[in-house]
Amino acid sequence: MTENPQAASWLPGSGYGGAGPARVIAVASGKGGVGKTSVSVNLGIALSATGRRVILFDADLGMANAEVVLGVRPAYTLMDVVFGSRGIAEVMTPAAGCQLISGGSGLAELANLSHPQRQRLLQEITGLKDSADTLILDTGAGLSKTVLGFVAAAGDVIVVVTPEPTSLTDAYGLIKVLDRYRVHREVMVLANRVRNAGEGQAVFRRLAVVAGRYLHNIELKPAGHIREDPAVSRAVRAQVPLVVASPHSPAARDMVEVARGLTREPAPEQGIGSFVKKLFRVFG
Ligand SMILES: Nc1ncnc2c1ncn2[C@@H]1O[C@H](COP(=O)(O)OP(=O)(O)OP(=O)(O)O)[C@@H](O)[C@H]1O
Ligand SMILES: [Mg+2]
C-alpha cells in the first residue's frame with residue numbers, strides 16, 4: 001500500500017484496500033491552462049494518502065508537465081515503451097506517494113504511431129490492472145482524437161473549468177462531444193480558480209443550465225471547487241506539489257475536499273480492463 005505520511009496526517013484514511021475494479025478518472029478541460037495538471041497531481045496525492053494505490057498517467061503526450069509539477073525526473077517514459085523495449089512497470093516513477101507514468105516528449109498523437117506500436121502500448125497499459133486502485137489521466141488541452149479517446153475510455157470524467165467565459169464555452173464544447181458519444185451518463189465539473197464556494201456553485205450552474213437545456217444523454221455533477229490561491233503557482237515554481245508544499249493553503253484544502261468527495265462516489269462498475277478495451281476500440 002502506498003502511503004504519503006505528510007498528507008496522511010491531515011486526510012483521514014478510508015481503509016480502502018483496492019477490492020473491486022480500479023477507478024479510471026480522466027481530467028479534461030477543453031481550454032488549456034485551466035489547472036488540469038495541478039488537479040490531477042494533487043488529487044492523486046490526496047487519494048494516495050487514503051491508502052489507495054494511485055497511478056498518475058500523463059496522457060498529455062508530448063508535453064510531460066506532470067513530472068515538472070511533481071519535481072521528479074523519470075528515467076523512462078511511455079516513449080521507451082512505444083519505441084524501446086521497456087515494460088510499463090519499468091516506466092513508473094514513485095512521486096509523493098503515487099506512481100507517475102510520464103508521457104515523455106516527442107509524441108503528440110497516438111494516431112501517429114504504427115499499428116504494432118499502438119498495440120504494444122495498449123497491451124502494456126493492460127498490465128496496470130493489478131498495480132492500481134485509481135488511475136488518473138492528466139489529458140492535454142483541446143479536443144484532439146487522443147484526448148477524446150482517453151476521455152471516452154475512462155470510467156469517470158472530471159471537467160476542469162474556471163470562471164472565465166472562454167473556459168466555460170470550451171468546457172461546454174467538450175461536454176457536448178461527450179454527450180454525442182453516449183459513453184458517460186454523467187461527467188463531474190470542477191470549478192477552479194474561484195473566489196469562494198459561491199462562485200464555484202455559480203460556475204457549475206452556468207454549465208448545468210445550458211447542458212440541461214441542450215444535451216440529452218449526459219448529466220453534470222458538481223465535483224466541488226478550488227479557490228484561486230498564489231500557493232498554487234508557488235508550488236509549481238518550487239516543483240513541489242501543492243498539497244505537500246502548502247497543505248494548509250486554501251487551494252490544498254479544497255483539493256483534499258474534492259478528493260474526499262471522490263472517495264464517497266460509488267465503486268466503479270468497470271476498471272482498467274474495460275478502459276483498455278475501449279482504448280483498443282478507439283486507437284487499436
Ligand atoms: N487554483 C489556482 N490558483 C492559482 N493559480 C492556479 C490555480 N490553478 C492553476 N493555477 C495556475 O495555472 C497554471 C496552469 O495550471 P496547469 O498547468 O495545471 O493547467 P493545465 O490545464 O494542465 O494546462 P495545459 O492545458 O497546458 O496542460 C499553473 O501553473 C498555476 O500557476
Ligand atoms: Mg497540463
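Values in this text are rule-based calculations from the coordinates and carry no lab data. This one's a predicted model, so the numbers in the text were calculated from it and none came from an experiment. Cβ coordinates were reconstructed from backbone atoms using ideal geometry, including for glycine residues, and neighbour counts include every protein chain displayed.
Could you go through region 168-183 and let me know if any residue there is over 16 Å from GLY33 (Cα atoms), free of Cβ contacts under 8 Å to residues at least 24 places away in the same chain and part of a loop (DSSP other than H, G, I, E, B). No, region 168-183 has no match at all. Close contacts from region 195-221, counting a first residue that is within 16 Å of THR162 (Cα to Cα) and a second that is of a type in the set (Val, Ile, Thr) and part of a loop (DSSP other than H, G, I, E, B), with Cβ to Cβ under 9 Å and a gap of 6+ residues or different chains, come to VAL203/THR162. Close Cβ contacts (under 6 Å, 6 or more residues apart or on different chains) running from residues in region 37-66 that are away from ligand 1 (no atom under 14 Å from the Cβ) to residues that are charged (D, E, K, R) comprise ARG52/ASP133; ARG53/ASP133.
Of the residues screened, ARG234 is one that is away from ligand 2 (no atom under 16 Å from the Cβ) and closer than 25 Å to VAL72 by Cβ. Within region 69-99, being more than 16 Å from ligand 2 (Cβ to nearest atom) and of a type in the set (Gly, Ala, Ser) holds for ALA75, GLY84, SER85, GLY87, ALA89, ALA96, GLY97. Residue count for region 29-44, restricted to those that are charged (D, E, K, R) and not in a loop (DSSP other than H, G, I, E, B): 1.
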